[in-house]
Amino acid sequence: MIHISIKNDGFEGILFPGNGSKDKVIIVMSGSNGGMSMAKHEAEFYHKNGIPAMSLALFKTKQTSPNLVSVPVEYVENAIKYLKEQGYRKIGIDGASKGSEMALVAGSLLSDISCVIARVPSYYVSEGLAGKGKRKGPSGTSCWSYKGKDLPYAAYKTRIINMVEIIKKEKEIRIRDINSDKDVTPDTIIPVENINGPVLFISSKHDEVWPSYESACIMEKKLESVSFSYEHKHVAFDNMSHAAIVHLPWIYKFAFKSERQHPKECAGDRERMKMELLSWIKTVWQA
């Protein structure tokens, strides 16, 4: 492992060498949980399967903002620069949940990205989130920024999100209605047609956090309508929760009913997802 700091290189990440090849490397990002732990586990999955990978911190680490607020796309841009300097030839990006937003945004802006994987995605840029616990809520800013400016974002119509009360009532993190009730305008929609390589969408028909299945369908339809030059695929799972990750922390069984009520089915979905991820990177993503 190689640890990279914002102070020295303009981003915070951990590079896993995989089989040592410099042909491909995948940048991995997690969602609104922030931090580095989840992205690190996902990068380790690729590493153990021979694929070089870098976990990239977006927020909530010692070197990044404590909140999901105006996170710079330059984190990805600087990571790409670093990886190219290390001799990597092709650079892909894989994000889950909020990380999928960044993956799609970065892929549409940065031509050096030649493969995008968007797990439980959103088809538009959303408003950021700030605060903790009962005080956590919409930030009044975009999640993402580029060249010092916020990207246009869809604002929450619900301005107070009491997660404690939601969990008490629903017995899970069920905020799909809140996340569906936003002001989506044309300038907030991610221009996925500008991505410079194959795109894999992974969604859940049982998504409790936001309508990732519907978002993936919208983006697939867009790519088909413009006769997108690269391969694209949408894999939808029936049981897996919003936690479309290969390493499921035990706490997620308390967070989502589907993980408690259908553990075997969810585990089966994850095994299939692993195969889809590895197949996409090893066989579909070419020069």
Close pairs from the stretch 192-217: first in contact (Cβ under 8 Å) with a residue 24 or more places away in the chain and more than 9 Å from His242 (Cα to Cα), partner among the β-branched types (Val, Ile, Thr) and assigned to a loop (DSSP other than H, G, I, E, B), Cβ under 7 Å, at least 6 apart = Glu193/Val226; Ile202/Val120
message = Looking for something out of contact with any Pro (no Cβ under 9 Å at 6 or more places or on another chain), assigned to a loop (DSSP other than H, G, I, E, B), at pLDDT 85 or above and not β-branched (Val, Ile, Thr) - is there at least one such residue anywhere in the stretch 124-131?
response = no
note = When the stretch 172-207 is checked residue by residue, the ones that are part of a helix (DSSP H, G or I), closer than 30 Å to Lys257 by Cα and aliphatic (A, V, I, L, M) are Ile178
message = Taking the condition of being in a strand (DSSP E or B) and surrounded by fewer than 19 Cβ atoms within 10 Å (Cβ to Cβ), how many residues in the stretch 105-123 meet it?
response = 0
Residue list for the stretch 255-275, restricted to those being surrounded by fewer than 17 Cβ atoms within 10 Å (Cβ to Cβ) and farther than 17 Å from Met38 by Cα = Arg260, Gln261, Pro263, Lys264, Glu265, Ala267, Gly268, Glu271, Arg272, Met275
Cβ-Cβ under 8 Å pairs, at least 6 apart or on other chains, the stretch 82-108 side closer than 10 Å to Met54 by Cβ, far side of a type in the set (Phe, Trp, Tyr) = Tyr82/Phe11
message = So Lys169 passes all but one of these: (1) surrounded by 13 or more Cβ atoms within 10 Å (Cβ to Cβ); (2) without any contact (Cβ under 8 Å) to a residue 24 or more places away in the chain; (3) not aromatic (Phe, Trp, Tyr); (4) not in a loop (DSSP other than H, G, I, E, B). Which condition number does it fail?
response = (1)
query = Got a sec? Which strands (runs of 3 or more DSSP E) wholly within the stretch 1-54 have at least 3 residues that are farther than 20 Å from Val116 by Cβ and free of Cβ contacts under 8 Å to residues at least 40 places away in the same chain?
reply = none
request  = Looking for whichever is over 28 Å from Ile2 (Cβ atoms), touching an Asp or Glu at 6+ places or on another chain (Cβ under 9 Å) and modelled with pLDDT under 95 here; the options are Pro152, Pro138, Pro121. Which one fits?
outcome  = Pro138
query = Which condition number in (1) surrounded by fewer than 24 Cβ atoms within 10 Å (Cβ to Cβ); (2) within 20 Å of Leu223 (Cβ to Cβ) is the one that Pro138 fails?
reply = (2)
task = Considering each of Lys222, Lys264 in turn, give the residue that is under 20 Å from Ile113 (Cβ atoms), at pLDDT 95 or above and in a helix (DSSP H, G or I).
result = Lys222
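The values are calculated or read from the model by the stated rules, or taken from the named source; none is laboratory data. Computed from a prediction, not measured in an experiment: that's the story for all the values here. Please note: Cβ atoms are built from the backbone with ideal geometry, for glycine as well, and neighbour counts cover all protein chains shown.
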